[in-house]
Amino acid sequence: MGTLGFEWTVALRFLREGRMQTALIIGGAAVGVGVIYFITAVLVGVQSDLIRRVTGAQAHIVLKPPEETVAPLVAATADAPRLASVQARPQRLTTIDGWTTLARQTETTEGVVAVAAVATGAALAIKGNASRSIVVLGTDLNQYMRVVRLDDKLTQGVLRLEPGEALIGVELARDLGAVLGDRFRVQSAENASQVFQIRGLLDLGSRELNRRNVYVDLRGAQSLLNIPGRITNLDIAVGDIMRAEQIAARLRAQSGQLVESWIQTNNQVFAAINNQNIMTLLIRVFVTVVVALGIASVLVVSVVQKRKEIGILRAIGATRAQMLRVFLLQGAMVGIAGALVGSALGLALVGIFSRVLRSASGTPLFTLHFDANLIGIFVIASALLGLIAAVLPARNAADLDPAQAIRG
Amino acid sequence: MTQEGNSADTPLVALAQVRKTYNEGLPNAEEVLHGIDLSVRRGEFAALIGPSGSGKSTLLNILGLLERASGGVYRLGGQDVTGLDDDERTHARHSTLGFIFQFHHLLPAFSALENVMLPALIGRKRAAAQSPAANGIGESASRARAAALLDAVDLHDAYNKKPGELSGGMQQRVAIARSLVLGPQLVLADEPTGNLDTRSSDNIFELLRRFNSEQGTAFIVVTHDPRLAARCDRIIELVDGRIAGDRRNRARTAG
């Protein structure tokens, strides 16, 4: 005793003395922290899995030329309603003017990490009797890989796109009856055609994409689509995908092109993620409140039980501030202990459920990993929570009239 | 605590027309002390007697700065302590006064030695802040002083025992050691032998007398026991909130 100072010494002794209460209160805090840890891990796991699947084979932001519209010669006004029926214009394959400058400009925009030039359009893949409608994506593979990772999607072959080489989805390969190394012909709507050799098979995460996407070199695609030297899209990757829409808006404003973020094209997924975030935030807030109330109520009882002892300490010279700190410290210590036990509990839960819960693709929904930062945040937050929860009981203790407390 | 005119002539305790009213301003207001004038010298050993409800405990609490007088002036060691705020009263209590209660009132979570050391632990930071050279209050010094006091009350085997493991008389001896650990000028004892058998009572009383003569600590002891009161230097009798008698104990002074 003594080296810690009065407040710490008494706070620790009080906690140790009320062993049962202390265990219960730490247990309560631990369950709270454990649940928050667990749902955080599950949420992060589920969402990153979902986002990975949604955005896996698609750029975060795609920049295209604006759609062609029909402008009426006479604008409609309130007193002269437009009588003509305006037919929407069929959309031709359009290209981006001055794309090299635009690409450079886009690359330096805040939040953008990579840009790839893509020439894409519809075509037919033909092998023997089989023909399938496909989308040709012509790009420089090294550039494109910085926007959409393909290395983790390669199931067979190599990632290489020399002229005359193609990477295709596994479903398309099956439909065409083709294996690695086989050649097939691509015929575009512009009536150009070229033969490509299959260098790699990709699993892009959905049957649809696996049936459709054919990656070739940029020049090959340009000549197939009859747009030599030009491109149809800039595919863009951003650092924080949840900010994709803001970044897209900025690009839209500065380029005047049609800019779509993955959030726009997957509106429902994004809304679902948002709702999930709000729900889990609510759960976290409620759990936090419950834990705080638990700590506060146990300490309130403790102050009542220790009335006499508080009175003696006050009589022999402890100030109100000292008694206040004794109970604030108890709250903080309980919070810290709860956070440590709770983190262990959360890790255990994640460990167990990462074996049980799996995503549609069969991989674990989340992985067990020891996040020291997260635990550090929990410890600090929980200590603060304990401190706040202890304010009311600590004030009760400090306000106790020593004469009355000693009398009984 | 600053002390004005701290000479041997200044009374240690001087009460002038001290009144105490409970529930002041309410319909059930009740005055329990009606203008007490009392003076206690340094080193005095006084008994405070009187029937139940006479206001003994209230007077003791006012003397101990645990309760505030509703009127009158209280000077402790020459300093007017009537208007001090809670912190100042607490500091004055800590530096000048010691308490012994009827029901021992030790902290059950602390050993005998730690209970005795508690007052020193409470004030360590304060003492260090007030005078960096404060000696005799460091960890080892206070431990040595607490141990010496426990030896003096015949408890050298009980340093590490918890209060629950000690008899009533032993607990009260620990409480006496605690009241004396900071060398107070005045110890206030509220029926210190109230729930002890005669042998333990005598024992305790002898200890108080011994510390009184050896260290010059003044004692005010509330007691119901005429036998013990007879062994004090002075007997103050309180009846219905007034001092009904205040006499030197001739037998004692003579003996």
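The values are calculated or read from the model by the stated rules, or taken from the named source; none is laboratory data. The structure presented is a predicted model; accordingly, all values stated were derived computationally and were not measured. Virtual Cβ from ideal backbone geometry, glycine too; neighbours counted across all protein chains shown.
Table for the structure above
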| read-out | value |
| --- | --- |
| Subset tally (residues that are away from chain A (no Cβ under 13 Å) and of a type in the set (S, T, N, Q)) for region B:135-187 | 4 |
| Sole residue being farther than 28 Å from residue B:65 by Cβ, surrounded by fewer than 16 Cβ atoms within 10 Å (Cβ to Cβ) and touching a residue at least 24 places away in the same chain (Cβ under 8 Å), chosen from B:183, B:164 | B:164 |
| Single residue of A:31, A:42, A:35 found to be of a type in the set (Val, Ile, Thr), in contact with a Lys or Arg (Cβ under 9 Å, 6 or more places away or on another chain) and in contact (Cβ under 8 Å) with a residue 12 or more places away in the chain | A:35 |
| Unmet criterion (only one of (1) closer than 27 Å to residue A:268 by Cβ; (2) of a type in the set (A, V, I, L, M, F, W, C); (3) at pLDDT 75 or above) for residue A:88 | (3) |
| Members of region B:54-99 that are among the aliphatic types (A, V, I, L, M), assigned to a loop (DSSP other than H, G, I, E, B) and more than 10 Å from chain A (Cβ to nearest Cβ) | B:69, B:81, B:84 |
| Residue check, residue A:139 of a type outside the set (A, V, I, L, M) and buried (at least 21 other Cβ atoms within 10 Å of the Cβ) | yes |
| From A:324, A:313, A:258, residue being touching a Lys or Arg at 6+ places or on another chain (Cβ under 8 Å), touching a residue at least 12 places away in the same chain (Cβ under 8 Å), within 14 Å of another protein chain (Cβ to nearest Cβ) and not basic (Lys, Arg) | A:324 |
| Selected residue (only one of A:201, A:176, A:225, A:218 is under 31 Å from the mean Cα position of the chain (by Cα), crowded, with 16+ Cβ neighbours inside 10 Å and not small (Gly, Ala, Ser)) | A:201 |
| Residue that is surrounded by the fewest Cβ atoms within 10 Å (Cβ to Cβ) [pool: residues in region B:100-116 that are more than 7 Å from chain A (Cβ to nearest Cβ) and in a helix (DSSP H, G or I)] | B:113 |
| Only one of B:223, B:198, B:217, B:193 that is β-branched (Val, Ile, Thr) and surrounded by fewer than 20 Cβ atoms within 10 Å (Cβ to Cβ) | B:198 |
| Filter result for residue B:191 (away from chain A (no Cβ under 14 Å) and modelled with pLDDT of 85 or more) | no |
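Results for (1) under 24 Å from residue A:117 (Cβ atoms); (2) part of a loop (DSSP other than H, G, I, E, B); (3) of a type in the set (Gly, Ala, Ser); (4) in contact (Cβ under 8 Å) with a residue 12 or more places away in the chain, shown as yes or no for each residue.
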{"site": "A:172", "(1), (2), (3), (4)": "yes, no, no, yes"}
{"site": "A:178", "(1), (2), (3), (4)": "no, yes, yes, yes"}
{"site": "A:199", "(1), (2), (3), (4)": "yes, no, no, yes"}
{"site": "A:223", "(1), (2), (3), (4)": "yes, no, yes, yes"}
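Listed here are the residues, each with its yes/no results for (1) surrounded by 12 or more Cβ atoms within 10 Å (Cβ to Cβ); (2) touching a Pro at 6+ places or on another chain (Cβ under 9 Å); (3) under 23 Å from residue A:48 (Cβ atoms).
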residue: A:236; (1), (2), (3): yes, no, yes
residue: A:242; (1), (2), (3): yes, no, yes
residue: A:246; (1), (2), (3): yes, no, yes
residue: A:259; (1), (2), (3): yes, no, no
residue: A:262; (1), (2), (3): yes, no, yes
residue: A:269; (1), (2), (3): yes, no, yes
residue: A:272; (1), (2), (3): yes, no, yes
residue: A:281; (1), (2), (3): no, no, yes
residue: A:284; (1), (2), (3): yes, no, yes
